[in-house]
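The values are calculated or read from the model by the stated rules, or taken from the named source; none is laboratory data. These numbers come from a predicted model, not from an experiment. Cβ placement follows ideal geometry from the backbone for every residue including glycine, while neighbour counts extend to all protein chains displayed.
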Amino acid sequence: MKIQTSFPQSRAMAGKRRLPAFTLVELIVVITIITILLTVGALGLKNLSKGSGISAGVPVAEAVFAEARAIAIGKGTNTRVLIHAELDSDDEFHKERYLRYMAIQYEELDADGNPSGNWLLASRGTTLPDAVYFMKDLSEINAPVLQSETVTLPGNSSTTCYYYEFNSEGLITSPTISGNSVPRFVIQVASLPPGQSTPVASSDAKRNMGGFVIWRGGRTSLFRHPDQIENN
């Protein structure tokens, strides 16, 4: 007697088999972002006792740059790291985020896979620790000048932002590199006095700063000492 060893597939199973799988590029992007988030989480726990400051702010900012670069490569498009740069003392939204809020946006591709000119936010963004500000003047010492653009950030507010841009290969394209002059990102412990647009560091915090350079290939290298920031 012949024994029937095969069983008819259920419609549910057949349907599941027809579901599209993740592409390799999508998996790489997801894994990269998860790794970045885990790193930020670990660094955050490590610095929990310190509460805030440069030691916590630098790895957070560096992770944002790494995520932007990973999205650029994964999606095959341009991405930007945005830094909130609009000050309005009468608007709490801008006041709290000024030079402390960072977000990522990417350029949407059209049906043919070409840049469409339409930029979308990739996340809700992150904020640097209390009393830690992005310092444009220190970031531009012997470095390219930053560009700015107007963006609608989460909260539906039209905001001026400084930005760093990566292309689809993960290379830094803005600010434009000239010779050995490469982009830098510098933060400092400071306060924002009423009526002023530039954060001011107290006398005992003038060298309480940190950051990194962004090489042509999109990778970053940390400053190990304030002298590297002020004298480069």
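Give me the residue from the range 107-133 that is surrounded by fewer than 20 Cβ atoms within 10 Å (Cβ to Cβ) and hydroxyl-bearing (Ser, Thr, Tyr) and, out of that set, farthest from the chain's Cα centre (by Cα). Among residues in the range 107-133 that are surrounded by fewer than 20 Cβ atoms within 10 Å (Cβ to Cβ) and hydroxyl-bearing (Ser, Thr, Tyr), the one farthest from the chain's Cα centre (by Cα) is Ser116.
Okay, residues lined up against (1) acidic (Asp, Glu); (2) surrounded by 14 or more Cβ atoms within 10 Å (Cβ to Cβ); (3) modelled with pLDDT under 95:
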| residue | (1), (2), (3) |
| --- | --- |
| Ser178 | no, no, yes |
| Gln188 | no, yes, no |
| Leu192 | no, yes, yes |
| Thr198 | no, no, yes |
| Gly210 | no, yes, no |
| Ile214 | no, yes, no |
| Gly218 | no, yes, no |
| Leu222 | no, no, no |
| Pro226 | no, yes, yes |
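Of the listed requirements (1) part of a strand (DSSP E or B); (2) acidic (Asp, Glu); (3) surrounded by fewer than 17 Cβ atoms within 10 Å (Cβ to Cβ), Asp204 misses just one: (1).
The single condition among (1) over 22 Å from Thr150 (Cβ atoms); (2) surrounded by 21 or more Cβ atoms within 10 Å (Cβ to Cβ) that Arg80 does not satisfy is (1). Of the residues making up the range 146-176, those that are under 23 Å from Trp215 (Cβ atoms), surrounded by fewer than 16 Cβ atoms within 10 Å (Cβ to Cβ) and hydroxyl-bearing (Ser, Thr, Tyr) are Ser148, Thr176.
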